[in-house]
Amino acid sequence: MINRTFEIHNKAGIEGLAMKCIDNYFPVNTETILCSLCKMQGFERIGVNSDVLLMYVNPKQIQYVRDFSYIPNTGKNALVGYGVRGNWDKLHKDFKDCRTFRSMKMVFEDGAEWKDTPFYQRAINSKGQKHSYLKSKCNKWELMYESIKKTGYKKQKQLYSECGANNKSQFQIRTGDLLLPAEIRVAIGRDGEFIHLSDGQHRLSAAKISNFDGKVPAIIQFIHGNVNFKNIRGKSEVLDTSKPLVEEVKQ
């Protein structure tokens with residue numbers, strides 16, 4: 001615990017440490033408190049008139065995954081921030097060290113069994129999930145990996161149009177007042193680094209491991225104030241949020 005405290009302080013200073021402490025140890029009205037603090041840094045709740053950017057990036061560019069959860073990026077209180085302050089971008093770790101990537105790499109590159117991966121072991125030992133459920137999940141990831149290898153990476157809208165009548169709600173997510181496609185969500189830190197926030201971690205891992213060399217769609221939700229926003233804006237497009245895919249959504 002002490003080492004972790006020093007690690008957070010060294011990365012993000014007292015501000016980042018305070019936000020992490022509120023997030024982890026003050027369960028009462030935590031989300032409301034954190035949203036208020038985030039708004040002081042320039043973040044704002046996503047409303048019906050909010051512009052949300054989409055950029056196409058090579059999977060190799062997304063080298064980090066966030067190590068913070070106190071800035072909501074999905075759900076009814078989801079925030080967006082372009083040109084925001086704070087040390088939130090310092091709280092990240094290497095994507096290759098995340099449990100999902102390590103587990104998929106073990107299976108697809110090293111020939112390991114799913115039951116021997118960190119993902120599977122945690123799901124069984126810590127979450128008490130059933131083997132039958134996990135096997136079904138792993139089978140879907142294998143199909144996804146093979147699909148990316150053979151036909152490339154597909155946008156959620158394309159997958160939605162191909163899936164028939166089943167589970168269409170999985171392709172979009174409630175984000176503030178908007179329904180956004182369930183594409184990879186990223187932030188851009190002060191040095192231009194791409195930080196994975198949520199959604200599509202398995203898709204991104206599969207694209208990396210399969211050496212997919214094209215570009216994948218990524219919703220840019222946070223951009224640090226030290227980044228040249230005009231440059232990012234010139235490489236992006238504004239999502240058309242006027243026509244959601246379906247009425248039911250992932251929360």
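Measure up Lys137/Lys157; Lys140/Lys230; Lys39/Lys149; Lys137/Lys208; Lys149/Lys230 against 30 Å on the Cα-Cα distance and list the ones that go over.
Working: Lys137/Lys157 22 Å; Lys140/Lys230 39 Å; Lys39/Lys149 41 Å; Lys137/Lys208 19 Å; Lys149/Lys230 34 Å.
With Cα atoms farther than 30 Å apart: Lys140/Lys230; Lys39/Lys149; Lys149/Lys230.
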*May I ask you to sort His224, His92 by Cβ crowding, counting other Cβ atoms within 10 Å and putting the fewest first?*
His92, His224
*Could you bin all the Cα-Cα distances of segment 102-151 into 5 Å bins starting at 0 and give me the percent of pairs in each, rounded to whole numbers?*
5, 21, 29, 25, 14, 5, 2, 0
*In whole percent, what relative contact order does segment 55-131 give with Cα contacts below 8 Å and a gap of six or more residues?*
24 percent
*For Lys137 and Asp240, what does the FRET efficiency come to when R0 = 30 Å and r is the distance between their Cβ atoms, rounded to the nearest 0.05?*
0.40
_Please rank Glu193, Glu183, Glu146, Glu162, fewest neighbouring Cβ atoms within 10 Å first, as an exposure proxy._
Glu162, Glu146, Glu193, Glu183
*Amide H contacts of Ile223 (H built 1.01 Å from N, under 5 Å, at least 5 apart or other chain)*: Gly81, Tyr82, Gly83, Val84, Ile188
*Using R₀ = 45 Å, calculate the FRET efficiency as 1/(1 + (r/R₀)^6) where r is the Cβ-Cβ separation of Lys60 and Met40; round to 0.05.*
0.85
*Signed unit charges on C-beta, dipole axis of segment 102-151, positive-most listed residue His131, Met106, Met144*: His131
_Length gained when the stretch Asp51-Cys163 is fully extended (0.36 nm per residue, less Cα-Cα span)_ = 37.5 nm
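We did not get these values from a lab; they are worked out from the coordinates using the rules stated. Keep in mind it's a predicted model, so treat the numbers as computed, not measured. Note: ideal-geometry Cβ built from the backbone for every residue, glycine included; neighbour counts use all protein chains shown.
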